[in-house]
């Protein structure tokens, strides 16, 4: 199949999933065309079946903000016609599904079906804003197919938007051949000289991720045992986290790594992963850590319980409860056998439910289902 994928190219879960999906689909013989205003952060176009099309938005004095939604719709149509795309797959409802809808309308009479994948804040934050709710509902209803990354997000979308159409749950995934425990643990020396336990966090450092709670949990742990904290990512709350680190005299123990591409190379060195988010529709970073045999302490919110099993491959705590987070962390870190046992079960869980080898075929089957519905001729479904 020839598939156009649109996502936000920034350091966030939806962009990561969309990019990894395109890479995996290309490896399975499909032709993938990414359409966005910038190259997705984890994307390399070195693969012969992966193409990137930049959406150029012209500034004009009349507009306070460039009309990206319209420019994106135009580029979608242009790529669809030139590459003869079978369908568009947009990640994040606003504004991508609106642009795809416009592109489909402009493509008439030729059908250009599009699938919308809901990731989280497009529903829980942006979409639920009263000013965006009608257009978000409309674009979801008008999509030829809709998927959600978790059962939690599916049910919340149906409830808050009163969606009548079916929504398919296809979870986030991880390449289990790439995300695994590092056999050579010598790279830990870049952070610790005496092999102290290493805690890690990975996110886009937005307020919803509560990275200040990550530091607070670590500070309580550090009062009891020597340890190190590795922070991967960047975003608006980095300054607040760095301030707490300085205030608590933890600068020698906390490492802000900025944005990282090959995160599995570092996750595979960790002893514990922290994800104390205010809200999570899935928890992709937690899954990536689990695949690397790292136990997780995360908040019991949203879709996280679908990924982390409390007391088995990690622990679930209440939002803002840094004391409980620290207690659970110490329970894992002061008993190495406990941490390794949990880590091994975490990988078993990740492999059983969330490996790319199992999830990508779910997307392929869904693509075929959508194409069969809008283009009954079986020739339109066959992979090219």
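For the subset of the range 234-256 comprising residues that are surrounded by fewer than 17 Cβ atoms within 10 Å (Cβ to Cβ) and under 19 Å from the mean Cα position of the chain (by Cα), which member is nearest to residue 192 (Cα to Cα)?
It comes out as 234.
Failed condition for residue 224, given (1) touching a residue at least 60 places away in the same chain (Cβ under 8 Å); (2) over 28 Å from residue 354 (Cα atoms); (3) out of contact with any helix residue (DSSP H, G or I) (no Cβ under 7 Å at 6 or more places or on another chain), with all others met?
(3)
Tell me whether the range 139-146 contains one or more residues that are buried (at least 22 other Cβ atoms within 10 Å of the Cβ) and closer than 22 Å to residue 358 by Cβ.
yes
Could you figure out which of (1) part of a helix (DSSP H, G or I); (2) more than 17 Å from the chain's Cα centre (by Cα) isn't true of residue 290?
Exception for residue 290: condition (2).
Could you check how many residues of the range 158-179 are assigned to a loop (DSSP other than H, G, I, E, B), over 23 Å from residue 138 (Cβ atoms) and in contact with a helix residue (DSSP H, G or I) (Cβ under 7 Å, 6 or more places away or on another chain)?
Total meeting the criteria: 7.
Among the numbered conditions (1) closer than 19 Å to residue 16 by Cβ; (2) buried (at least 21 other Cβ atoms within 10 Å of the Cβ), tell me where residue 221 comes up short.
(1)
From the list 156, 188, 137, pick out the single residue that is over 23 Å from residue 349 (Cα atoms) and over 23 Å from the mean Cα position of the chain (by Cα).
188
How many residues are over 21 Å from the mean Cα position of the chain (by Cα) and either over 15 Å from residue 347 (Cα atoms) or not in a loop (DSSP other than H, G, I, E, B) (or both) when one looks only at the range 297-314?
Count: 1.
For the range 29-58, how many residues meet the condition of being more than 22 Å from residue 73 (Cα to Cα), buried (at least 16 other Cβ atoms within 10 Å of the Cβ) and modelled with pLDDT of 90 or more?
2
So how many residues does the range 353-378 have that are part of a helix (DSSP H, G or I), modelled with pLDDT under 90 and more than 18 Å from residue 88 (Cα to Cα)?
Number satisfying all stated conditions: 1.
Could you figure out which of (1) closer than 14 Å to residue 350 by Cα; (2) under 14 Å from the mean Cα position of the chain (by Cα) isn't true of residue 275?
The number of the failed condition is (1).
How about the range 225-254: which of its residues are within 21 Å of residue 332 (Cα to Cα) and not in a loop (DSSP other than H, G, I, E, B)?
Those that are within 21 Å of residue 332 (Cα to Cα) and not in a loop (DSSP other than H, G, I, E, B): 228, 229, 230, 231, 254.
Suppose we filter 324, 277, 341 for residues that are assigned to a loop (DSSP other than H, G, I, E, B) and either modelled with pLDDT of 95 or more or under 26 Å from residue 175 (Cβ atoms) (or both); which single one remains?
277
The values are calculated or read from the model by the stated rules, or taken from the named source; none is laboratory data. Because the structure is a prediction, the values reported are computed rather than measured. Here the Cβ is made from the backbone with ideal geometry for all residues, glycine too, and neighbour counts use every protein chain on show.
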